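Undergrad: The structure follows.
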């Protein structure tokens, strides 16, 4: 009789472990939504699925690392490696940068009233220019860092533009105004440590252009960029739909 | 047309091409379901099995696919418990293969056992003296685990992941995956073993009966080891075959040799133990039951060649290839070695299922022959078709090989570089 209890007890314990595991996942997911962590969790779930070339550490751009993949989902605020490398750099003279850049191709411009203006950089603009539809958040809505900032539909592809900061939307613009969102901070001031600035921007943008070109190079041929240039005004019209989808994924960090 | 459902950054064949691929398999599945339906409605008289030849093609299929599907638990164990990160490249594919193998085996068992509406009897009135009860419990639990492991892969589909609650649930479930990997390993260990033990305890079948350790006959341990050795090889083979069929590079060059090496490392002790077990059986177990081992091989076509082929050609030879670094890094040797391992496992399960039952054990018994009926064969083929279809759909619409989009892929020759830059001045 004892052996029966051991045998059956063992397997019903296993069954209980399976059920508890699934229930725990449900409860934790519910907690994420309740604590407004869902967007951060979505980005955390998305980040490892991006191609390795999209996940390089910002310190590769400045030559501080030869190869390094970011393991913090582009949130440098808590990254000790980033803090150590920045501390090693000589203090930057002059005024604070006019614009900061997010890896999802948005820029952030601090305004004197404590708000920030958010727009698309030239590469982002050339991809998302003249959208078929634009879905901007309403004033008063909250956006979360690396959560969806706004959406643009272009050539049948819904582009999700990542929010570069946590904040509350105070106004919305559009492509014709040169900016898309005005945000005010949620708790006093904006934290900008995770955004690219100064000497990081130019090599990052050059690399992005190189990626853009490489993504479209034909089979067995290295990407070439003979003498530089600016992206054409509307890249979507110049390439096939398949390439367009892949390109948007690469540039706007879509999973 | 369905490109919005495919993973971003990977290319798949056109929808008409894909339909052309799946239509024959769908036809085979329908044909097989018809055969299975006949067996369920009219009974096992539709098969060529009888009270004496009670295990046939279906049990052979079950044992083989369960062994080949062991790659799921073993890869999960290596990745989540032993932290062998390189195997992340194939874990999704391994889970899908495992799910296909186990669900296919359960479906075949439902037809074989019959009365599927009474499936719950085995849980409510378990015969705790039967190894099959343990097998039933373990396989059911493990299929549930595989289903739960399959869910996050499905939820990461490009369309489904746009629903935040799905993605958040997937993320939280994925964090708990080591628990499921541990449970899967525990369950697999016991049901693989019990499937082997099932034959080892057949005292009335001296060809299969084995001595062992405590309550477990040696076949218990041999089944666990052989399944763990064959599982990675089957993943290796499917990855290679899918890569060839799709024309895509799916994993980095070192991944397939690594799977081969894992398989080789496990195959060597298996072959060693199998050889020792065979010698003990020849020298001690079979004579103790009143048989000389050579008597079992007097019935053609089941001659001694089967024993030698199983141990040497399908065991030792691939083990040596997979263990030798220079050998396994050559695809021309790695793939045939993996094929041999998988064939060897199938042969081992065939011997224990069909040869065991075919051999006479009593003086008035004769050598029995068995040829599956078309209904049995159709059901077998339905499981194969189901596997191909589910894997094809998963490969097309889910991320089975995360490294694929990071690897250089051939682009169609007709595509040419387009002007995306314009001069500054």
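Undergrad: Looking at (1) within 26 Å of residue B:90 (Cα to Cα); (2) at pLDDT 90 or above, which one does residue B:405 not meet, given that it meets all the others?
TA: Against the list (1) within 26 Å of residue B:90 (Cα to Cα); (2) at pLDDT 90 or above, residue B:405 comes up short only on (2).
Undergrad: I've got another one for you. It is to be established whether one or more residues within the stretch A:38-60 are more than 14 Å from chain B (Cβ to nearest Cβ) and either out of contact with any strand residue (DSSP E or B) (no Cβ under 7 Å at 6 or more places or on another chain) or surrounded by fewer than 18 Cβ atoms within 10 Å (Cβ to Cβ) (or both).
TA: Yes, the stretch A:38-60 has at least one match.
Undergrad: A further question on this structure: Among the residues of the stretch A:44-70, which ones are closer than 20 Å to residue B:170 by Cβ and part of a loop (DSSP other than H, G, I, E, B)?
TA: Result: A:50, A:51, A:55.
Undergrad: Also: Looking at (1) at pLDDT 90 or above; (2) closer than 26 Å to residue B:228 by Cα, which is the only condition residue B:191 fails?
TA: Here residue B:191 clears every test but (1).
Undergrad: Could you please let me know if residue A:73 is within 13 Å of the chain's Cα centre (by Cα), more than 11 Å from chain B (Cβ to nearest Cβ) and closer than 20 Å to residue B:170 by Cβ?
TA: yes
Undergrad: Now a separate question. Is it true that residue A:193 is modelled with pLDDT of 85 or more, more than 14 Å from chain B (Cβ to nearest Cβ) and within 26 Å of residue B:408 (Cα to Cα)?
TA: Numbers: modelled with pLDDT of 85 or more: yes; more than 14 Å from chain B (Cβ to nearest Cβ): yes; within 26 Å of residue B:408 (Cα to Cα): no.
Spelling it out, it is not the case that residue A:193 is modelled with pLDDT of 85 or more, more than 14 Å from chain B (Cβ to nearest Cβ) and within 26 Å of residue B:408 (Cα to Cα).
Residue by residue, here is whether (1) buried (at least 20 other Cβ atoms within 10 Å of the Cβ); (2) touching a strand residue (DSSP E or B) at 6+ places or on another chain (Cβ under 7 Å); (3) over 17 Å from residue A:45 (Cβ atoms); (4) more than 10 Å from every other protein chain (Cβ to nearest Cβ) holds:
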site: B:146; (1), (2), (3), (4): yes, no, yes, yes
site: B:153; (1), (2), (3), (4): yes, no, no, yes
site: B:165; (1), (2), (3), (4): no, no, no, no
site: B:169; (1), (2), (3), (4): yes, no, no, no
site: B:175; (1), (2), (3), (4): no, no, no, no
site: B:186; (1), (2), (3), (4): no, no, yes, no
site: B:191; (1), (2), (3), (4): yes, no, yes, yes
site: B:195; (1), (2), (3), (4): yes, no, yes, yes
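The values are calculated or read from the model by the stated rules, or taken from the named source; none is laboratory data. Since the model is a prediction, treat every value here as computed from it, not as a measurement. Don't worry about glycine lacking a Cβ; one is built from the backbone with ideal geometry, like all the others, and counts go over all protein chains shown.
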